[in-house]
Amino acid sequence: MPYVEVIAPPASPHSKASLARGVTDSLMSAFGVGADTVTLYFLPIAPGDYAHAGEMGSDGISQRILLKVHAFRRSEAERRAAAAALTRSVCTAYGVPGTDVATYFLDREKHEVAHDSKLASD
């Protein structure tokens, strides 16, 4: 923990590797976690499988890249630092402006997370 869902247009393996390193480094710095606790899941969106403001996107229309960060609750200052660092990582890896990046923090309490059938609170 933390787990990060990356919902984005298809990208090259190089771009994904760059983002994996950037996200890991960002969360290590902002949340004080080790690299071995950070996992990314890439969920690509095909061109045309995106809508905003009631309008379908298409090739040539920018589409937001969404990061969903599942992690134990952090302070507002830690989330703010993470958001800034994560956005920079996406912008660098995908070559998009920050206006195309959204980060959602989905905080979890320790009793809401289990690994190998054991709650993190146990």
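Under the simplified labelling scheme, the residue 111-residue 64 pair shows an inter-label distance of 3.3 nm, with each label point 7 Å from Cα along Cα→Cβ.
The amide H of residue 45, built 1.01 Å from its N in the peptide plane, has 8 as neighbours under 5 Å, considering only residues 5 or more places off or on other chains. Any idea what angle helix 13-31 forms with the longest principal axis of the chain, computed on alpha-carbon atoms, 0 to 90 degrees, nearest 10? So the helix axis and the longest Cα principal axis differ by about 40 degrees. Based on protein heavy atoms only, the chain ends up with 58 Å² per residue of surface accessible to a 1.4 Å probe.
The length gained by stretching the chain between residue 75 and residue 35 to full extension, at 0.36 nm per residue less their Cα-Cα distance, is 12.4 nm. The C-alpha atoms of the chain define a longest principal axis, and helix 76-94 lies at about 40 degrees to it.
For residue 21 and residue 92, the difference between the fully extended length at 0.36 nm per residue and the C-alpha to C-alpha distance is 24.4 nm.
The 3J(HN,Hα) values that the Karplus relation (6.51, -1.76, 1.60; θ = phi - 60°) gives for segment 113-118 are, in residue order, 10, 10, 10, 6, 6, 10 Hz. Gly and Pro appear as x.
Placing +1 at every Lys and Arg Cβ and -1 at every Asp and Glu Cβ, with all other atoms neutral, what dipole size does the chain have around its Cα centre, in debye to the nearest 20?
260 debye
The heavy atoms of residue 107 present about 40 square angstrom of accessible area, all protein chains included, probe 1.4 Å. Comparing the chain with the 2.2 N^0.38 Å rule of thumb, its C-alpha radius of gyration ratio is 1.11 (two decimals). Beta bridges per DSSP, both residues in the chain: antiparallel share near 40 percent. Think of the chain as a dipole: +1 on every Lys or Arg Cβ, -1 on every Asp or Glu Cβ, centred on the Cα centre; then among 46, 35, 3, 35 lies furthest on the positive end. Since only 93, 56, 114 are under comparison, the one whose Cα sits farthest along the positive direction of the charge dipole of the chain, derived from C-beta charges on Lys, Arg, Asp and Glu, is 93.
The values are calculated or read from the model by the stated rules, or taken from the named source; none is laboratory data. Predicted model only: the values in this text are computed from it and were never measured. All Cβ positions, even for glycine, are placed from backbone atoms using ideal geometry, and neighbour counts span all protein chains on display. Surface accessibility is based on the protein's heavy atoms, side chains included, excluding ligands, DNA and RNA. Shrake-Rupley method; radii C 1.70, N 1.55, O 1.52, S 1.80 Å.
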